[in-house]
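Notes for the one structure printed next.
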Amino acid sequence: MYVGLAVNSGSASALATATFDNVSVSSASAPAPVISGVSATTGSVGSAVVISGTGFGASQGNSVVRLNGVAVPINTWSGTSISMTIPVGATTGPLGVSVAPGMNDSNPVEFTVTAQPLPSSWLDQDVGSVGVVGSASYANGVYTVKGAGTQIYGTADAFHYVYQPLTGDGTMVARLVSVQGGSGYASPGVMIRETLNAGATNAGTVDWVGYGTIYSEVRTSTGGSTVLGGGVSATLPYWVKVSRSGSTFSSYTSLDGVTWTQRGTSQTISMGQNVYVGLAVNSGSASALATATFDNVSITSP
């Protein structure tokens, strides 16, 4: 049989013109390329991005990576990993791999090109099964984070994370300025997390927007249940904080960033020395993004 693109004008005397992109044909003998992950979904001109997946081909040859329809410079290429650089003139849009000779296209991943990247040492990615790819940007002291996913709760989380590594003890502080979009279960906040896996142990201070309440949230064992504590009714903007001292994790809120009130009780969680700390945003939905803004973001350690 034959498989392909068909166009009909509805007339025997006139042509119709149709355009297609992200075209792929996948079969057991010749599977289409698949993007399973991207090192970042936000980047500025000149930044390097690593695409992970399958079916890219052992070498580049005539294969290309396109961002919003335009080919980008390639640094390295293998069957499962491609390193690319965001070029001058790049614009926000779908990122995809097109494999020669048939120019078979992968699934697209939405990528945001920013005029100003996240500050040095900050990274961002989706954690868990989010449904819609998230993103993050930074300008004039404000972090704007877009995230999807049904929950930061239960035994597995789904959210967008703007983070950096933390070794040993430390404290994360931010002022949550605004939240828009998503469902009533959108939940932005600050978090310390052992790994970037969905079921990782973690401690956070999170705003459950639909309830207008900020809680402490903890998962004390990998894949275990999440427990809320010490909720406080809050109208944004509001300050949030989470800290680690050894195996003790504590959650705090503040109206002014000066006087802090602990939320819930301190929890003992057995985490490794090397963890991740950052801003977490979840929309409460696998089909829509929530957008949260944070300022006065800081991380301190002894």
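A few notes on this one:
- Criterion (among the aromatic types (Phe, Trp, Tyr), buried (at least 17 other Cβ atoms within 10 Å of the Cβ), in a strand (DSSP E or B) and under 11 Å from the mean Cα position of the chain (by Cα)) met by exactly one of Tyr163, Tyr138: Tyr163
- Within region 192-250, the only residue that satisfies the criterion of being at positive phi and part of a strand (DSSP E or B) is Gly230.
- Count - residues of region 1-56 that are under 30 Å from Ser121 (Cβ atoms) and of a type in the set (A, V, I, L, M): 8
- Any hit, region 217-235, residues being under 30 Å from Glu110 (Cβ atoms), exposed (fewer than 15 other Cβ atoms within 10 Å of the Cβ) and either in contact (Cβ under 8 Å) with a residue 40 or more places away in the chain or not assigned by TED's automatic domain parsing to the domain that holds Gly131 (or both): yes
- Number of the exception - Ser121 against (1) more than 24 Å from Thr226 (Cα to Cα); (2) in a strand (DSSP E or B); (3) of a type in the set (S, T, N, Q): (2)
- Tabulated pairs, region 132-157, first of a type in the set (Lys, Arg), second in a loop (DSSP other than H, G, I, E, B) and buried (at least 21 other Cβ atoms within 10 Å of the Cβ), C-beta under 8 angstrom, 6+ apart or interchain: Lys146/Gly134
- No other residue among Val258, Val242 is surrounded by fewer than 22 Cβ atoms within 10 Å (Cβ to Cβ), modelled with pLDDT of 95 or more and not basic (Lys, Arg) apart from Val258.
- Test: Gln180 is in the same structural domain as Phe294 (by TED's automatic domain parsing), in contact (Cβ under 8 Å) with a residue 60 or more places away in the chain and more than 16 Å from the chain's Cα centre (by Cα): yes
- Residue among Leu123, Leu95 that alone is surrounded by 17 or more Cβ atoms within 10 Å (Cβ to Cβ) and under 16 Å from Tyr276 (Cα atoms): Leu123
- Number of positions in region 33-73 that are more than 30 Å from Tyr143 (Cβ to Cβ) and of a type in the set (A, V, I, L, M, F, W, C): 5
Per-residue answers, yes or no, for (1) farther than 11 Å from Ser81 by Cα; (2) part of a loop (DSSP other than H, G, I, E, B):
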residue: Ser13; (1), (2): yes, yes
residue: Ala16; (1), (2): yes, yes
residue: Phe20; (1), (2): yes, yes
residue: Ser24; (1), (2): yes, yes
residue: Ala32; (1), (2): yes, yes
residue: Gly37; (1), (2): no, no
residue: Ala40; (1), (2): yes, yes
residue: Gly53; (1), (2): no, no
residue: Ala58; (1), (2): no, yes
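- Residue in region 262-269 that is assigned to a strand (DSSP E or B), buried (at least 16 other Cβ atoms within 10 Å of the Cβ) and basic (Lys, Arg) present: no
The values are calculated or read from the model by the stated rules, or taken from the named source; none is laboratory data. Keep in mind that what you see is a predicted model, and the values were worked out from it rather than measured. When we count neighbours, we look across all protein chains shown, and the Cβ atoms used for this are built from the backbone with ideal geometry, even at glycine.
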